[in-house]
Amino acid sequence: MRIAFISDLHSCLKALDDVLLDCEKRGVDKIYCLGDVIDMGPEPEEVVARLRDLSIPTIRGNHDSLDENPEIPLLRDIQDWTRERLTGGAYEWLQSLPFSIIEEVDQLRLLMVHGSPDSITEGLLAETPSEKINAWLEQHDADIILAGHTHVPLVRHLRAGIAVNTGSTSIPFEEADVIPPIGLPYSDYAIVDIRDSTPSIEQIRIPFNFEALETAVEEAGMPHAEAFMGTWRR
């Protein structure tokens, strides 16, 4: 069983489609999305539609409620613009998403969250104490925790199980919790390959199509377009 985990799509349809195509090429059997479907990108409604059309199980990220009301004008304006773009039940679908998903695959229990099992905005980081992650695994009787949110991929093997951060399909960061962030020119996601109740973790990184994103930003009339496109290191 090969399961892909994507996260932090942030309204970038081309990045999502490229990752979905890569999943197909790698023989993925199922895909889960760990949240932050929208905001900070030009195609919120289109990304929601793609997930819904493909029936990809999805959890809610901190951006998906569109209620953070950030103080930074760029973030606030894009959030407001994103809300106006959502029609056809897309906003209601986002609000209905669960905080977490638990699945059992070949005797392994997978716990999926956006940030951490405690909070939608708490990151799973290299610096997160091992004792804390072990406690999460034991509390939820999980073998693997899978999260996004930080935009920085990682895998940590611990006493109680494995912790995986998928990174971001749209804006992988050079470092977590740095303002302003520095985006890297890739799309990141993770595959968990489970055979005979034994998991192996693959961290996948594929090139990012800037030309397609620039075209989508221009056509959508997204606010602060120049500043937004300046996020990435090319």
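Please name all residue pairs, on different chains or six or more residues apart, with Cβ atoms under 9 Å, provided the first residue is in region 102-114 and is over 25 Å from N62 (Cβ atoms) and the second residue is in a strand (DSSP E or B) and open to solvent by 10 Å² or more (accessible area, probe 1.4 Å).
Cβ pairs passing all conditions: V105/K30; V105/P199; D106/R195; D106/T198; D106/P199; L108/T198; L108/P199.
Do you know which of the residues in region 101-122 that are surrounded by fewer than 17 Cβ atoms within 10 Å (Cβ to Cβ) and out of contact with any His (no Cβ under 8 Å at 6 or more places or on another chain) is nearest to D53 (Cα to Cα)?
Top of the filtered list is E103.
Out of the strands (runs of 3 or more DSSP E) lying entirely within region 123-234, which hold 3 or more residues that are crowded, with 20+ Cβ neighbours inside 10 Å?
Those strands (runs of 3 or more DSSP E) span 144-147, 162-165, 186-195.
Do you know which of the residues in region 41-69 that are more than 21 Å from P98 (Cα to Cα) and open to solvent by 30 Å² or more (accessible area, probe 1.4 Å) is modelled with the highest pLDDT?
Of everything passing the filter in region 41-69, E43 is modelled with the highest pLDDT.
Restricting attention to region 103-122, report how many residues are more than 27 Å from R195 (Cα to Cα) and among the aliphatic types (A, V, I, L, M).
1
If you check G27, G88, which single one turns out to be free of Cβ contacts under 8 Å to residues at least 40 places away in the same chain, open to solvent by 30 Å² or more (accessible area, probe 1.4 Å) and not in a helix (DSSP H, G or I)?
Of G27, G88, the one residue that is free of Cβ contacts under 8 Å to residues at least 40 places away in the same chain, open to solvent by 30 Å² or more (accessible area, probe 1.4 Å) and not in a helix (DSSP H, G or I) is G27.
The values are calculated or read from the model by the stated rules, or taken from the named source; none is laboratory data. All figures in this text were calculated on a predicted structure; none of them were measured in a lab. Every residue, glycine as well, gets a Cβ built from its backbone with ideal geometry; the counts of neighbours run over all protein chains shown. Side chains included, ligands, DNA and RNA excluded: accessible areas come from the protein's heavy atoms. Shrake-Rupley method; radii C 1.70, N 1.55, O 1.52, S 1.80 Å.
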